[in-house]
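Since the structure comes first, as structure tokens, the remarks are kept for the end.
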Amino acid sequence: MKVIAKTFAGLEEVLANEIKEIGGLNIKSEKRAVWFECDKKLLYAANYTLRTALKILAPIAEFQFKNVEDFYKKIYEVDWENYFVEEKTIFIDKVVYSQMFKNTQFAALKTKDAIVDRFKDKTGNRPSVDLKNPQIKINLYVKDDFCSLALDSSGNPLYKRSYRVKSHPAQINEVLAAGLVLLSEWDKKTELLDFMCGSGTIPIEAALIGLNIPPQFKRKKFAFQNWKDYDKELWESVIEEQMNKQSLELIKIFASDISQESVDMAAENIANAGLSGYITIRRSNFENVKFNSPKHILFNPPYGKRIGNTKEDNILELYKKIGDVLKNNFKKSQAWLITSNMQALKNVGLKTSKKIILYNGPLESRFVKYDLY
Ligand SMILES: C[S@@+](CC[C@H](N)C(=O)[O-])C[C@H]1O[C@@H](n2cnc3c(N)ncnc32)[C@H](O)[C@@H]1O
């Protein structure tokens, strides 16, 4: 089957590489997405192991339509009963750019009606809608008179890894954090250091990568488990196979933050992920973190909103200090940082050796590298 994995803008090539590594075929990248061919086993493995995918959609129909009635009719004609049974709850996840509908919600409503009516006619029963925890997520994409329908095989987005017990107001998305570690080409031998670790997302994703632990090792629920063709034995064999690939490499990660609240939060998340043995965590102002041996530094400084101890007016000063600390405290290291504050970034005052454009949610960001001598 042909499926499409969604990601953040800027991570398409990283995701395409991940898909290649697990054996995806005919891989094609487009904006914020990568197409590939797979069988059922690989679809399960993709959900379990891809670190930079947000969700994996399995397209089931596409068509052009003349008006709303025609739209309803063509959705009704899809043999939905082949994909799931009417006892399952459904939700229509919509992206609609079309003048044919009063509003996007109306397009979703018509889709739901067509599916429900089809089930009623075929089986006498109807699936009900669940907005919060649907078992079947149907992805509706409409552009003008073109419609594509897909089943979302992931359900909850794949950045929900299940290790997070505490949330930080400025936490980075798990998928983005994993993407940063992969883009930074960490060699897994050098100690990785995040001295503004917040809730610990970057250290946790790095540890999972370093140890080759699947990002979803704690997650129990995926939407494909509610599909009619779900093969429990196959799924269990995928879990076993992937967990056996865990590496015994001795990785080292150092995480610190100025805020005790952040440090406690990170410690809880790290413990919940079972990674306490690999990540040293400490409360410290980054200005006091100093090492003589080379480090692989990767961090996500405040962007300028009021976060913890950092106020808007001293953000420029903070970035200047980042430059000084990198230069003076980390000889022979490489440092990567991501920020969407371009003005503040200039204040670091060091020459970048790489600059990558990425998006942190809606925020256009720069992921930059400094080689420190
Ligand atoms: C954008 S947040 C990092 C979020 C983190 N990547 C996560 O996913 O939770 C920036 C962090 O920098 C910390 N910070 C601000 N000033 C600092 C300083 N002088 N030294 C160390 N940490 C600092 C803040 O406490 C905050 O947790």
Checking the conditions here, which among Gly200, Gly179 is closer than 15 Å to Ile338 by Cβ and either away from the ligand (no atom under 14 Å from the Cβ) or not assigned by TED's automatic domain parsing to the domain that holds Ala58 (or both)? Gly179
Options Leu180, Leu193: the member that is among the hydrophobic types (A, V, I, L, M, F, W, C), touching a Ser or Thr at 6+ places or on another chain (Cβ under 9 Å), farther than 25 Å from Tyr83 by Cβ and surrounded by 23 or more Cβ atoms within 10 Å (Cβ to Cβ): Leu193
Being assigned to a loop (DSSP other than H, G, I, E, B) and more than 22 Å from Ile239 (Cα to Cα): is that true of Ala108 here? no
Looking at Ile297, Ile338, can you tell me which residue is outside any helix (DSSP H, G or I), more than 12 Å from the ligand (Cβ to nearest atom), at pLDDT 95 or above and under 21 Å from Leu208 (Cβ atoms)? Ile297
Confirm whether Asn288 is near the ligand (Cβ under 10 Å from one of its atoms) and either surrounded by fewer than 16 Cβ atoms within 10 Å (Cβ to Cβ) or farther than 18 Å from His168 by Cβ (or both). yes
Mind listing just one residue for me: the one in the stretch 161-172 that is buried (at least 16 other Cβ atoms within 10 Å of the Cβ) and more than 8 Å from the ligand (Cβ to nearest atom) and, of those, nearest to Leu358 (Cα to Cα)? Arg161
Name the residue, out of Ser262, Ser340, Ser365, Ser293, that is crowded, with 16+ Cβ neighbours inside 10 Å and in contact (Cβ under 8 Å) with a residue 60 or more places away in the chain. Ser262
Residues that are free of Cβ contacts under 8 Å to residues at least 60 places away in the same chain, at least 1 per element: which strands (runs of 3 or more DSSP E) completely within the stretch 1-91 meet that? 2-6, 25-30, 33-37
State the number of residues belonging to the stretch 343-360 that are touching a residue at least 24 places away in the same chain (Cβ under 8 Å), assigned to a loop (DSSP other than H, G, I, E, B) and within 23 Å of Phe8 (Cβ to Cβ). 0
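The values are calculated or read from the model by the stated rules, or taken from the named source; none is laboratory data. These numbers come from a predicted model, not from an experiment. So basically every Cβ, Gly included, is an ideal-geometry build from the backbone, and we count neighbours across all protein chains shown.
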